[in-house]
1. When a footprinting reagent is the concern and you count Cβ atoms within 10 Å, what order do GLU100, GLU22 take, fewest first?
2. Could you give the length gained on full extension between ARG24 and ASP183, defined as 0.36 nm per residue of separation minus the Cα-Cα distance, in nm?
3. Around TYR151, which amide H atoms from residues at least 5 apart in sequence, or from another chain, sit under 5 Å from its own amide H, with H modelled in the peptide plane?
4. Calculate log10 I(q)/I(0) of the chain for q = 0.10, 0.11, 0.13, 0.18 Å⁻¹, where I(q) comes from the Debye formula with a single equal point scatterer on each Cα and nothing for solvent.
5. Kindly count the pairs of lysines across the chain whose alpha carbons are less than 29 Å apart, treating pairs on different chains or eight or more residues apart as eligible.
Amino acid sequence: MGDLSFRDVTGETWSDFEALFEARGGPKYCWCMAWRATSVEAKQSDNDSRKAMIKGRVDSGVPIGILAYKDGTPVGWCSVAPRATYRRQMADSQPGDDGEVVWSVVCFFVVRTARKQGTMQALLDAASEHARRCGATVVEAYPVDPDSPSYRFGGFVDAFADRGFVEIGRAGSRRHVVRLSLDGATVKKH
């Protein structure tokens, strides 16, 4: 899908994010708050509360991720933001992080009509480049093996390995922790 374009979610693109999440099959059940919610926020687990929480972050200028567009229509989402904006259970600091600016990729959503066309891989490339432009020196992600019964929204290990990410550990029994060093260079598509 070489004809995709990408934009970060801001007040200007909120309606596109909202439309993508509320469309049939969209992740309106979580509003990408599963790994962001504070302990107080986690007690409010209804869809409207989660939507209001993510909207509040967007309105206050907190980065939450990017959208993929095909012909002006949003077809995909990648949650990519500073690691500190996620709960610690997802994004613990790693040895050697001093001096690094770490952004995390925690989930993807692609509409059915755009699946199996390279959309997720294009989103990952765009997310890494977006993080680099925003000052990140490292992108970290938490994919799973293809036969994992859960956390599949975070992508699969092979997709990240194909993009140059290197495994540095595990987060729980299913999630791998992988990293890509951005070292100031433009992200190369593999």
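Just so it is clear, none of the values below were taken in a lab; they were calculated from the coordinates. None of these values were measured; they are calculated from a predicted model. Cβ: placed from backbone, ideal geometry, glycine included. Neighbour counts: every protein chain shown.
1. GLU22, GLU100
2. 53.3 nm
3. none
4. Treating every Cα as an identical point scatterer, log10 I(q)/I(0) equals -0.36, -0.44, -0.64, -1.32.
5. Lysine pair count for the chain: 15.
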